[in-house]
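Chemist: Quick one: structure below, then a few questions.
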Amino acid sequence: MRRKLVVGNWKMNGSRPANAELLAALVAARPFGCDVAVCVPFVFLGETAAQLAGSDLRWGAQDVSAQAEGAYTGEVSAAMLHECGCRYAIVGHSERRAYHAESDELVAAKAQAALGRGVTPIVCVGETLEQRDAGQTEAVVKRQLSAVIHTLAHCAAEMVVAYEPVWAIGTGRTATPEQAQAVHAVLRAQLQAATGHADRMRILYGGSVKADNARALFAMPDIDGGLIGGASLKAADFIAICRAGG
Ligand code: PGA
């Protein structure tokens, strides 16, 4: 039985006072009965670590450099994330693929850099509405995942995968539990063929997960938790979603 994982993706939101309040509420609401983490903007990692240290809540980043160190202005390395106590780094989020032109190969290199420093990559895959309407969903997510599987090779079973249909992110339009489950099953079969250990790998669903739809999504056999954007910014909503994972 895989333990569920619920991860908040704050994106470019937050402020010191708001974060302190949100994190204090999360700490006070434990235990959840599932693993819970927040992926925060880089500049807030130190304070997040300080506030969550000693709790069973984990934290992480929303991106990581593929490079180890050196003249890469603006980049943050996996070693730095490790030093800040990060358990996770999101890689290949559709917003980065779209706005920063991140290729499947770059996403794979970032996942490898993270794992190399003991930071678990949460690898995002997902199709656009056009791709879904053209019947390409399976081909797109398989292509995105296969680049990472190929690069991570024998370590591939260590990653977390997040299926996030682009048309469901921030739109209020969630995939139905059945739609999501169908893609998760495809991804798990692909992971099983590559690693032989897909039964212990976690595949999260992301895209307009809210307090009122989380339970039905998490009840699906291949949905092992969620990557939560907007609803992770409100303590009551995020806590309700975490409880749905318990
Ligand atoms: P959303 O974002 O929950 O606001 O749709 C999810 C994500 O982008 O990770």
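The values are calculated or read from the model by the stated rules, or taken from the named source; none is laboratory data. Here the structure is a predicted model, which means the values were calculated and not measured. With ideal geometry, Cβ positions are generated from the backbone for all residues, glycine too; neighbour counts draw on all protein chains shown.
Chemist: Which condition does residue 203 not pass, out of (1) more than 11 Å from the ligand (Cβ to nearest atom); (2) more than 24 Å from residue 32 (Cα to Cα); (3) of a type in the set (Val, Ile, Thr), if it passes all the others?
Modeler: Residue 203 satisfies all of (1) more than 11 Å from the ligand (Cβ to nearest atom); (2) more than 24 Å from residue 32 (Cα to Cα); (3) of a type in the set (Val, Ile, Thr) except (2).
Chemist: Please specify each residue of the range 182-191 satisfying the condition of being surrounded by fewer than 21 Cβ atoms within 10 Å (Cβ to Cβ) and in contact with a strand residue (DSSP E or B) (Cβ under 8 Å, 6 or more places away or on another chain).
Modeler: 188
Chemist: Read through the list (1) within 14 Å of the ligand (Cβ to nearest atom); (2) touching a Leu at 6+ places or on another chain (Cβ under 9 Å), then give the number of the only condition that residue 172 fails.
Modeler: Exception for residue 172: condition (2).
Chemist: In the range 36-54, how many are surrounded by fewer than 20 Cβ atoms within 10 Å (Cβ to Cβ), at negative phi and out of contact with any helix residue (DSSP H, G or I) (no Cβ under 8 Å at 6 or more places or on another chain)?
Modeler: Here the count works out to 7.
Chemist: Next question, about the same structure. Answer yes or no: is there a residue in the range 100-118 that is touching a residue at least 24 places away in the same chain (Cβ under 8 Å), within 14 Å of the ligand (Cβ to nearest atom) and of a type in the set (A, V, I, L, M, F, W, C).
Modeler: The answer is no, given that none of the residues of the range 100-118 is touching a residue at least 24 places away in the same chain (Cβ under 8 Å), within 14 Å of the ligand (Cβ to nearest atom) and of a type in the set (A, V, I, L, M, F, W, C).
Chemist: Quick check on this structure: which one of 194, 168 is surrounded by 18 or more Cβ atoms within 10 Å (Cβ to Cβ), of a type in the set (A, V, I, L, M, F, W, C) and at pLDDT below 95?
Modeler: 168
Chemist: Kindly check whether there is at least one residue in the range 154-164 that is in contact with a Pro (Cβ under 6 Å, 6 or more places away or on another chain) and more than 15 Å from the ligand (Cβ to nearest atom).
Modeler: There is at least one residue in the range 154-164 that is in contact with a Pro (Cβ under 6 Å, 6 or more places away or on another chain) and more than 15 Å from the ligand (Cβ to nearest atom).
Chemist: Give me the pairs: first residue in the range 222-234 and free of Cβ contacts under 8 Å to residues at least 24 places away in the same chain, second residue more than 6 Å from the ligand (Cβ to nearest atom) and not hydrophobic (A, V, I, L, M, F, W, C), beta-carbon distance under 9 Å, and six or more apart or on different chains, which are they?
Modeler: 231/8; 231/210; 231/237
Chemist: Confirm whether residue 69 is without any contact (Cβ under 8 Å) to a residue 12 or more places away in the chain, of a type in the set (D, E, K, R) and buried (at least 17 other Cβ atoms within 10 Å of the Cβ).
Modeler: no
Chemist: Something else now. For the range 19-57, name all the residues that are without any contact (Cβ under 8 Å) to a residue 60 or more places away in the chain, away from the ligand (no atom under 16 Å from the Cβ) and of a type in the set (Gly, Ala, Ser).
Modeler: 20, 24, 28, 46, 49, 50, 53, 54, 55
Chemist: For the subset of the range 105-136 comprising residues that are aliphatic (A, V, I, L, M) and not in a helix (DSSP H, G or I), which member is surrounded by the fewest Cβ atoms within 10 Å (Cβ to Cβ)?
Modeler: The residue in question is 134.
Chemist: Failed condition for residue 2, given (1) over 18 Å from the mean Cα position of the chain (by Cα); (2) part of a loop (DSSP other than H, G, I, E, B), with all others met?
Modeler: Exception for residue 2: condition (1).
Chemist: Identify the residue in the range 206-224 that is over 16 Å from the mean Cα position of the chain (by Cα) and more than 14 Å from the ligand (Cβ to nearest atom) and, among all such residues, is surrounded by the most Cβ atoms within 10 Å (Cβ to Cβ).
Modeler: The initial filter retains those residues of the range 206-224 that are over 16 Å from the mean Cα position of the chain (by Cα), namely 211-213, 215-216, 219-221.
With more than 14 Å from the ligand (Cβ to nearest atom) added as a condition, the list becomes 215-216, 219-221.
Working: 215: 14, 216: 15, 219: 11, 220: 18, 221: 9.
Once the filter is applied, the top-ranked residue is 220.
Chemist: Let me ask another. Just to be sure I understand, how many residues within the range 225-239 are within 10 Å of the ligand (Cβ to nearest atom) and in a loop (DSSP other than H, G, I, E, B)?
Modeler: Count: 2.
Chemist: Looking only at residues in the range 152-165 that are buried (at least 19 other Cβ atoms within 10 Å of the Cβ) and either part of a helix (DSSP H, G or I) or small (Gly, Ala, Ser) (or both), which one is nearest to the chain's Cα centre (by Cα)? Before the answer, list the steps.
Modeler: From the range 152-165, those buried (at least 19 other Cβ atoms within 10 Å of the Cβ) are 152, 156, 159-165; that's our starting set.
Checking which are either part of a helix (DSSP H, G or I) or small (Gly, Ala, Ser) (or both) leaves us with 152, 156, 162.
Values: 152: 17, 156: 15, 162: 5 Å.
It comes out as 162.
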